[in-house]
1. How many nm separate the modelled label positions at ASP662 and ASP55, each set 7 Å beyond the Cα in the direction of the Cβ?
2. Can you work out the FRET efficiency for the pair PHE486 and ARG439, with r the C-beta to C-beta distance and R0 = 25 Å, to the nearest 0.05?
3. Would you mind calculating the gained length between THR389 and GLU62 on full extension (0.36 nm times residue separation, minus the Cα-Cα distance), in nm to one decimal?
4. Would you grab the residues whose amide H sits under 5 Å from the one on LYS623? Only those 5+ places off in sequence or on another chain, please, with H modelled 1.01 Å from N.
5. Lys and Arg at +1, Asp and Glu at -1: add these up for the other residues within a Cβ distance under 15 Å of VAL595 and post the number.
6. What 222 nm value per residue comes from the helices of the chain, counting each DSSP H run with n ≥ 4 as -39,500 (n - 2.57) and dividing by all residues, nearest 500 deg cm²/dmol?
7. Rank LEU271, GLY59, THR217 by how far each Cα sits towards the positive end of the charge dipole of the range 6-282 (+1 on Lys, Arg Cβ; -1 on Asp, Glu Cβ) and give me just the farthest.
8. With a Cα-only, solvent-free Debye model of the chain, what are the log10 I(q)/I(0) values at q = 0.08 Å⁻¹?
Amino acid sequence: MKTQQAVAIILFLVFACGLTAFQPACAVESLGKGNAGLLGGDLTDPTDTIEFLKDPGQGLPESEMIPAKAAWFKLTCAPVSGPYATPHQRHPYQSWVGAPAAGIFMNKPEQTRWYVDFKEGGYGGPSREGPYFTAIQFKDAFILTHFTVTPSGPDAPDRDPKDWAIQGSNTGAEDDWTDIYVCNAKDRSESPFQPDSRIETFLFTSFDSAGMDKAVTPADAKKITAKLAGKTIAKADFTRPTKAFTHFRIVIYSCFNPSAVNWIYRTSNSLALSQLELFGVPGAKADTPNKVAKVEPPALPPPVDAPFMITYWCGPSKADTTLERYKELAECGFNVAFAAIDNLWEPATPAQEEHNKKVLDFCQQVGMKAFIWDGTILRGVGKWDQAPTPEDIPQLEKALDEMIARYASHPAFLGFILGDEMGAGVHPKLGFVTQYLLRKDPTHVPYYNELPNYASAPKRHEKELIAFLKTVRPAFYSWDAYWQMFEGGDERYYWDNLEVVRRNCVQAKTPYTQIIVSIEHMGYRACSEGDMRWQVWTSLAYGTRGITYFTYCHVPGMATGDAPGLLTKDGQRDAKWFYVQKINRRIAKLAPTLVKLTSTGVYNTDPLPIGTIPLLPEAPVKKAEGGAMVIGCFADAAGKVCILPVNRSMTETHTFTLTMLDKTASTSEVSQETGELLPAAALKNNRLEVTLEAGEGKLFLLNSE
């Protein structure tokens, strides 16, 4: 972002500030409270007649909401809800609580405002990486001479902007905004907005009283003088811009109630702002070269289609790598083996190669595939967080060629494990390694696992996910999700992580899978059968290409005491082993159908968890009754539609009634015993009735008339 004037403004504020905490620290002038405090007749509404065309809470399209007398060319704002997200604020004129961004231009601060809930649609709150803003574009260019801001009220003064700015641009591009005024308040003593200044309009100027007549139009000078009622403007609040802009925006980086540092600590804090008036004089429109729009190449699927993977972390140790153990894994319903718990991340040795080939031989005998960890990659990669240089590449490629030569011809080999949760700094080299492996050995799948959303700030997580998919271009995307299994339950981040991954991976044509909890550790509870079903089936409802359990074996030092994984400390089958066996066998029967489907949307019923989407008109289900549920919706290449409803209760069986679209005449369940379609069942009054155990799901094909 351009900040040519930021330093000068900050220095000015340092000298202009320094008053007590009981009055604004910056030398701005109060014009009064309520609607009467406004100057009126600003650039956004010269005639003071702008009104909402329709109720902002109705959720209508933007084209139906633009005021008839709008003096602007276009409004934009952030945050906004995506096309398949809960419509908290789809565009500047719509808001789930009737307080959209456009409200700050309606000249009625007592009645209208802009409100954003940090938790519900606000991505955790504004930040430098993901600020909130309302931007306005005019047909003509103006030099901003003064503006007013009116904080909201009367309750919750902590919703006031704390770190904010007024900016100008001639393109509206994200990287082309110039700071005009900056308020970087550390606390209330450095802010013009005080707890008792509710709906109080503050005037910010680029002039003092002596220079006002030369700075503004006679009409504006007359209005300002009248509002000041004998007071004078001692100092300018910002430096008059040297050029005119067609775009202006208020951008907010923080409020007095704090934004979340990550998904775990999100609270129902919020932003509220009542009014922004902009005043200026006409200026010459700057010549802006036409930028050639960057056209992203169409997303292509990976060269190898990842299979439906039922796997685990922390498998049998090297000493416990026996044919009997791998028969046990296959008996439990796993189709992919993962590295031994004491082999993962170890350097390459002849013994490691021998162990890996033994694992592959056992997997071949029991009908499984295997992901292999080969420590040779450590020697070839060097430091992961350094992008490969031309000098690095020969050694790196040599290490990867050696690995391919050792294992690629084995029938049970599925792919190499590359790493786990190493952060964004490794992505350039990880992308090089991934693409080299896919190019040289296109029938196998490189494995890497990413951090979940609760390890990152909310808005940043999705940006990092998008960047990962573009930079690494993985054969499939994996992440872990554990917090939902805390004692007492904690689903604050779970659903949003699933939806964000689903939406972006579908767009990138990249399969994805989730790692879930199966061991009591770090506050995560000992999972019941309902817990295990819930984690698996909710994942599948969001379109995951299989499931990964953490862990298979007991892990000393990490487990809570002697808490088992699927195996006990002594290597015996825990009760969870049998829960998982039943689940795995059922989902394996659905796998041939699921891998042919693409997720088209996922919808939840009340009470809506954070990050979920209610039933929308585009869903094939019009209504869902009987309890809390999630409904995964899918389509195959021929356009046939399937749904996967899941009981969101982890403890109770429920019978649900789904009212389908009129064109659906019958449904055919995909059998969890055979994988075949069961005979079609005609709908009565367009209704499908389905009974689901705690956390259970079922897959149905919808048959048209």
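What follows draws every value from the coordinates through simple rules; no lab data is involved. The model shown is predicted, which means the values in this text are computed figures rather than measured ones. Reconstructed Cβ throughout: ideal geometry from the backbone, glycine too, with neighbour counts over all protein chains shown.
1. Spacing of the two 7 Å Cα→Cβ label points: 2.6 nm.
2. Values: r = 42 Å, r/R0 = 1.69.
Computed FRET efficiency for PHE486 and ARG439 comes out at 0.05.
3. Details: separation 327, 0.36 × 327 = 117.72 nm, distance 4.84 nm.
Gain on extension, THR389 to GLU62, equals 112.9 nm.
4. Excluding prolines and chain starts, which carry no amide H, the hits are THR659.
5. Values: positive: LYS369, LYS509, ARG545, LYS589, LYS596, LYS640; negative: ASP305, ASP636.
Taking every Cβ under 15 Å from that of VAL595, the sum is +4.
6. Values: 12 runs with 150 residues, N = 705.
So the calculated ellipticity at 222 nm is -6500 deg cm²/dmol.
7. THR217
8. -0.74
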